[in-house]
Every structure is written in structure tokens, then in C-alpha cells.
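Notes to accompany the following structure.
The values are calculated or read from the model by the stated rules, or taken from the named source; none is laboratory data. Computed from a predicted model, the values in this text were never measured in an experiment. Glycine gets a Cβ as well: all are built from the backbone with ideal geometry, and neighbour counts include every protein chain shown.
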């Protein structure tokens with residue numbers, strides 16, 4: 001590839017054009033090590049104008065680009081392919097908070113701004129940016145928007161899409177679409193930002209966003225609830241939503257195996273004196289007095305839905321509950337290789353998904369250890385699997401495609417989705433094209449062709 005390096009250096013400066021292999025290494029690796037890409041260079045712009053200038057050059061010479069945020073995605077959309085055919089465009093230096101308007105309940109953050117930084121800035125103004133997930137200390141705003149990230153608060157506040165009021169993005173020809181007005185209502189034409197949200201960098205490069213803020217709740221309560229089975233858990237979810245007047249912000253479902261692994265491998269504290277089949281971490285946000293959650297839990301016990309419960313008495317205990325939930329993925333690593341599936345089903349069919357999914361797994365690889373956990377409040381179950389004792393990593397991973405196909409067919413038969421919140425990327429593209437509605441895929445391809453006729457923005461991702 002004959003790269004216009006002099007032009008890139010003129011735009012960015014030599015230090016922002018990386019070609020040294022050791023310096024590029026961190027940008028090439030999918031964070032779990034599943035794939036290592038190869039790129040002729042990494043570009044590090046600091047402004048939207050620089051991104052625009054770079055894309056204009058690439059468009060003129062038909063050079064492909066892969067936009068990269070925090071590089072902690074789970075579908076391979078943020079790293080280049082292995083054929084050295086695309087430039088990596090890292091947005092991590094575009095990390096400013098341009099505006100924080102507490103009176104307007106909004107902020108403008110650049111694509112490389114880390115979620116934790118944005119949340120802390122909002123909190124200082126008594127505002128809430130209603131997005132939380134385990135990777136928020138490294139996840140960037142641009143990446144979260146490009147994947148339409150979910151997380152633990154989707155139950156009450158919605159996905160990342162619901163937090164976005166406006167976007168600034170660079171199109172495939174280098175032009176800049178800037179719609180950062182703080183508008184809650186605007187029915188003048190197509191809402192183009194909705195196409196860019198969740199497009200995984202294939203339609204445009206997001207450079208900034210105006211985000212919706214909410215009043216910071218002055219009372220946050222959390223509890224761990226022990227449950228006999230998944231069916232009871234889903235019934236309990238509905239009861240809690242009613243009993244709290246829908247102030248329930250999180251309902252995280254966890255099997256005993258997940259708790260056991262966190263206690264065993266991460267030295268987490270056992271939450272109860274006894275062990276139980278299933279657990280739910282629940283959290284409420286309120287502006288009134290305390291006691292709402294405890295009263296709601298009393299209703300669960302009255303209906304024989306809960307076996308035990310403990311309410312966090314202080315911030316440390318509250319954090320400990322969440323550390324237990326967020327430690328599941330790390331704890332699972334101690335069991336070796338894993339197969340991960342980001343599934344979604346209608347909430348009322350979660351019990352069926354877990355029961356039938358477990359049967360599918362057992363039939364495919366007998367003895368597999370099943371971690372079916374996640375955001376049950378919005379129907380999102382992470383169906384993560386660890387190998388049976390004694391099975392080699394190679395033999396287990398060789399079943400990846402067969403296992404995914406069987407679970408995907410099941411979840412679609414239940415009216416669900418093969419990708420709840422992680423996206424499609426490169427890893428799940430073939431399964432998406434196999435299982436997706438042909439008409440919808442055809443329409444998506446027409447949209448892609450209209451936005452990016454030369455296919456230079458993240459080729460090979462999604463479609």
C-alpha cells in the first residue's frame with residue numbers, strides 16, 4: 001500500500017502518526033487476545049477537522065479505515081483485519097468535554113472521552129449520565145454510541161441510543177455532519193443520528209455527541225436477593241417494578257456457579273450464610289425517603305418468591321454487591337477457555353431460554369459449565385460457557401461455531417436476538433447474515449452503499 005504519510009504527518013504532526021510495530025501493538029490486539037490485526041499505521045487525531053482531512057485523503061485514494069475508541073469491544077469491530085489493508089484511526093486523544101450544561105440537563109463529550117470521566121463530571125453538577133457497565137473505566141463515548149451499548153441500567157434508562165440527543169460525525173467523503181443542538185423534539189426530516197448509533201463505524205466516524213443528563217438520584221439502594229429458580233426471578237422482577245413504582249434501575253441475574261467462582265477465584269465474600277440456586281442484584285434510584293426497596297422485598301417474601309435477601313447498609317457494601325456481579329467474567333477466566341454468547345429474549349421467555357439453552361449446551365458438549373447471567377430486567381442474558389473438566393482448550397474452542405449456531409437458532413425461535421448489546425462486528429458477521437431477515441439485510445446494504453459507496457469505513461464489519 002502506497003500511503004500518503006507525508007500528508008498525514010502534515011495534518012497531525014509526526015508524533016501522531018505511528019508506524020513502529022511495538023508502538024502499534026496495543027491498537028492491533030482485541031483486548032481478550034482473540035484476534036491480532038495488522039495495520040500500516042495508526043493515526044491519532046485530536047480534532048474533528050483533522051479526522052475530516054484524513055478521511056478526505058483516504059476517500060481520494062480508496063484507503064480503508066477502522067475507527068477505534070477504547071478498544072474494549074467484544075465483537076472485533078475496533079481492530080483491523082490481518083491483511084494490513086486498513087489504517088487504524090484511534091480517537092482516544094479526542095477526549096474533551098466541550099460543554100456541560102446542568103440547567104439544560106445535557107453535555108457534549110468527544111468520542112474519546114471515557115465514560116467514567118463523563119459520569120464524574122456530570123455528578124459534580126448533581127446530574128446523572130445514565131449508563132453503567134463493567135468496562136466504563138476504559139470504554140469511550142464514541143465506542144458506546146457506535147455499538148449502542150447497553151449495560152446494567154437499560155431496564156430503567158434504555159440503551160446508549162436513549163442517552164444521545166445529537167451527534168457530530170465525519171462521513172465517508174470527509175464531510176462533517178454536526179447536529180449537536182440540545183433538542184428533545186425535532187421532526188424535520190429523517191433522524192440521521194439514529195442510523196449512526198449502532199452502526200459500528202460502518203456509516204460514519206462519530207467525533208462528538210450531545211448526551212442527555214438526568215437529575216442525580218439522592219437515594220440509591222441495592223440488595224442481593226436469593227431465588228429458587230429463574231421463573232421465580234422473572235416474576236419477582238415484575239413485582240419489584242410495580243412495588244417501586246418503576247424506580248427499579250437494575251435487575252442482574254446470577255446463577256450459583258457464577259457466585260461460587262467469584263468467591264473461589266477472586267476472594268469475594270459469600271453474600272449469605274447458605275447457598276442458593278439463583279441470585280439477583282437489584283438497585284433502585286429515588287429522590288424520596290429510604291425504605292422503598294425493603295418494603296418491595298417484603299412483598300416478594302409474602303409471595304414466596306424470595307428465599308433470602310440482604311440490603312446494602314452503606315456504600316462499601318453496595319460496591320461489594322456490584323463487585324461480585326462485575327467479577328463474574330474475570331472469575332470465569334480461571335476455568336480456562338470460554339465461549340460467549342450475548343443473547344436477548346422477551347423478558348417473559350428468559351426462563352425458557354436458560355432451560356432450553358442449557359439443554360442445547362449439554363447436548364453439544366456434555367459437562368459444559370454454564371454461566372447464564374446478566375441483565376434480566378431487559379431480557380439480556382450472557383450465555384457464557386466454560387469447558388468440562390478434562391477437556392482441552394483446543395477441543396472446546398473447536399465447537400465455537402456449532403455451539404453459536406445452535407444457541408442462535410434457539411433464541412431466534414423464542415423471538416429474541418443473537419446480539420443484545422455487544423454488536424455484530426467481524427466475529428458474528430457470518431451468523432448475522434445466516435440468520436438475519438434477507439429484506440432487512442438488503443436494506444442495510446443499500447444504506448451502507450449510500451453512506452459509504454467506496455466501502456472504506458470498517459469494511460468487513462456487520463455486513
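If you check 203, 211 for being buried (at least 21 other Cβ atoms within 10 Å of the Cβ) and more than 23 Å from residue 118 (Cα to Cα), only one passes: 203. It is to be established whether one or more residues within region 151-168 are modelled with pLDDT of 95 or more, more than 30 Å from residue 294 (Cα to Cα), assigned to a loop (DSSP other than H, G, I, E, B) and touching a strand residue (DSSP E or B) at 6+ places or on another chain (Cβ under 8 Å). Among the residues of region 151-168, not one is modelled with pLDDT of 95 or more, more than 30 Å from residue 294 (Cα to Cα), assigned to a loop (DSSP other than H, G, I, E, B) and touching a strand residue (DSSP E or B) at 6+ places or on another chain (Cβ under 8 Å), which makes the answer no.
Counting only helices (runs of 4 or more DSSP H) that sit completely within region 356-463, those holding 1 or more residues that are surrounded by fewer than 16 Cβ atoms within 10 Å (Cβ to Cβ), modelled with pLDDT of 95 or more and in contact with a helix residue (DSSP H, G or I) (Cβ under 9 Å, 6 or more places away or on another chain) correspond to 400-413, 429-435, 438-451. The residue that is farthest from the chain's Cα centre (by Cα), among those in region 140-150 that are assigned to a loop (DSSP other than H, G, I, E, B) and buried (at least 24 other Cβ atoms within 10 Å of the Cβ), is 147. For region 222-255, a residue qualifies if it is surrounded by fewer than 20 Cβ atoms within 10 Å (Cβ to Cβ), in a helix (DSSP H, G or I) and in contact with a strand residue (DSSP E or B) (Cβ under 7 Å, 6 or more places away or on another chain), and exactly one does: 241. Would you mention how many residues in region 263-285 are modelled with pLDDT under 95 and either touching a helix residue (DSSP H, G or I) at 6+ places or on another chain (Cβ under 6 Å) or part of a helix (DSSP H, G or I) (or both)? Of the residues in region 263-285, 6 are modelled with pLDDT under 95 and either touching a helix residue (DSSP H, G or I) at 6+ places or on another chain (Cβ under 6 Å) or part of a helix (DSSP H, G or I) (or both).
With respect to (1) farther than 27 Å from residue 209 by Cβ; (2) assigned to a helix (DSSP H, G or I), the lone exception for residue 55 is condition (1).
Evaluate the following for residue 365: is it more than 30 Å from residue 66 (Cα to Cα), free of Cβ contacts under 8 Å to residues at least 60 places away in the same chain and not assigned by TED's automatic domain parsing to the domain that holds residue 279? In short, yes. The set of residues from region 70-124 being in contact with a helix residue (DSSP H, G or I) (Cβ under 6 Å, 6 or more places away or on another chain), assigned to a loop (DSSP other than H, G, I, E, B) and more than 25 Å from residue 19 (Cα to Cα) is empty.
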